[in-house]
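The values are calculated or read from the model by the stated rules, or taken from the named source; none is laboratory data. The model shown is predicted, which means the values in this text are computed figures rather than measured ones. Positions of Cβ are backbone-derived with ideal geometry, glycine not excepted, and every protein chain shown enters the neighbour counts. With ligands, DNA and RNA removed, areas are computed over all heavy atoms of the protein, side chains included. Shrake-Rupley method; radii C 1.70, N 1.55, O 1.52, S 1.80 Å.
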Amino acid sequence: MDVSKACESRFSCRKYTGEDVGNGLIEQCLECARLAPSALNKQPWKFYVTRGDLKAKIAKETQMFGANGFTDQAPVLVVVTVKPKLADKMADKIKHQDFSSIDLGIAVQSFCLKAADLGLGTCIIGWVNCKNVDKLLPLSLGEKTKLVISLGYPACEQPPRRRKSMEETAVYLS
Ligand SMILES: Cc1cc2nc3c(=O)[nH]c(=O)nc-3n(C[C@H](O)[C@H](O)[C@H](O)COP(=O)(O)O)c2cc1C
């Protein structure tokens with residue numbers, strides 16, 4: 001699948017068949033995430049692939065304000081953590097930019113695009129009780145949960161895209 005096709009076919013999948021996804025496929029998604037660019041090449045992310053009882057506990061921590069009930073159905077939840085290095089923190093202070101969150105977003109998108117390429121469904125989940133998820137994982141000092149990605153075989157069609165127009169989102173200048 002070419003890049004345009006992957007961008008077009010990725011969507012937030014909120015209904016899954018429940019069939020497990022093999023680690024071989026997940027590894028291909030993780031490899032695309034691993035290749036993502038990052039500020040100062042710090043690669044401040046880590047992806048935790050969870051199934052079974054641990055996944056069920058993490059699912060509960062994504063179900064805030066009645067949202068994200070579909071995480072019970074997804075066979076795999078991938079928790080993405082960030083551990084900013086000192087250089088990142090200094091760059092953030094000087095540039096007033098949260099580089100590690102930008103880095104993580106790029107890696108997560110690479111993961112999701114490869115999943116789409118493989119016919120898998122994903123949803124990036126930001127409404128997460130991150131502090132509680134931290135307690136469920138073997139994190140190192142300074143490492144924090146940022147996002148969860150649900151992963152599985154889609155049990156729904158891709159809905160129509162709702163996007164701003166090209167004119168609203170891009171400007172050519174010279
Ligand atoms: C940082 C981030 C956090 C998100 N959090 C959630 C979430 O908690 N629950 C959810 O159902 N979708 C979540 N989404 C998915 C967005 O709602 C979705 O990407 C957007 O509506 C566009 O739809 P599409 O992904 O199908 O193109 C999140 C997306 C991003 C990038």
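Quick check for me: using +1 on Lys/Arg Cβ and -1 on Asp/Glu Cβ, what's the dipole size of the chain about its Cα centre, in debye to the nearest 20?
Working: 25 positive and 19 negative charges, 106 e Å.
That gives the chain a dipole magnitude of about 500 debye.
Pick out, in residue order, every one of the GluC sites (Glu not before Pro) in the stretch 8-103 that is DSSP loop and has at most 12 other C-beta atoms within 10 Å; say none if there are none. Before the final figure, lay out each step's value.
Values: sites: GLU8, GLU19, GLU27, GLU31, GLU61; in loops: GLU19.
Here the GluC sites (Glu not before Pro) that fit, given the DSSP loop and packing criteria, are GLU19.
Using only alpha carbon positions, build the gyration tensor of the chain, then give the equivalent ellipsoid semi-axes as the square roots of 5 times its eigenvalues, largest first, whole angstrom.
25, 23, 15
With springs connecting C-alpha atoms under 10 Å apart, model the chain as a Gaussian network and identify which of ARG161, ARG14, ARG51 has the largest mean-square fluctuation.
Among ARG161, ARG14, ARG51, the largest mean-square fluctuation in the Gaussian network model of the chain belongs to ARG161.
Only bridges whose two residues both fall in the stretch 3-169 count here: according to DSSP, what percent of them are antiparallel, nearest 5? Spell out each step's value before the answer.
On the way: 19 of 20 bridges.
Of the beta bridges lying entirely in the stretch 3-169, close to 95 percent run antiparallel.
Just want to confirm a number: the relative contact order over the chain, from Cα pairs under 8 angstrom separated by 6+ residues, in percent.
Answer for the chain is 35 percent.
So which residue, out of LYS46, LYS93, LYS60, gets the largest mean-square fluctuation from a GNM of the chain using Cα contacts under 10 Å as springs?
Residue with maximal mean-square fluctuation among LYS46, LYS93, LYS60: LYS93.
Rounded to the nearest whole Å², what accessible area per residue is found for the stretch 3-169 with the 1.4 Å probe?
57
Determine which residues of the stretch 118-159 fall in the zone a paramagnetic label at LYS15 would reach in this model, i.e. backbone nitrogen under 18 Å from the point 7 Å along Cα→Cβ.
Label zone hits: 120-124, 150-159.
Using a 10 angstrom cutoff on alpha carbons, build the Gaussian network for the chain and name the most mobile of GLN73, GLN158, GLN109.
Ranking GLN73, GLN158, GLN109 by mean-square fluctuation puts GLN158 first.
Per the helix-only calculation at 222 nm, which mean residue ellipticity applies to the chain, given -39500 (n - 2.57) for every DSSP H run of n ≥ 4 and division by its residues, nearest 500 deg cm²/dmol?
One gets -12000 deg cm²/dmol as the mean residue ellipticity at 222 nm.
If R0 is 35 Å, what FRET efficiency do you get for ASP134 and CYS156 from their C-beta distance, rounded to 0.05?
0.70
Please work out the C-alpha center-to-center distance from the stretch 100-134 to the stretch 31-92 and express it in whole Å.
What the calculation gives is 6 Å, centre to centre.
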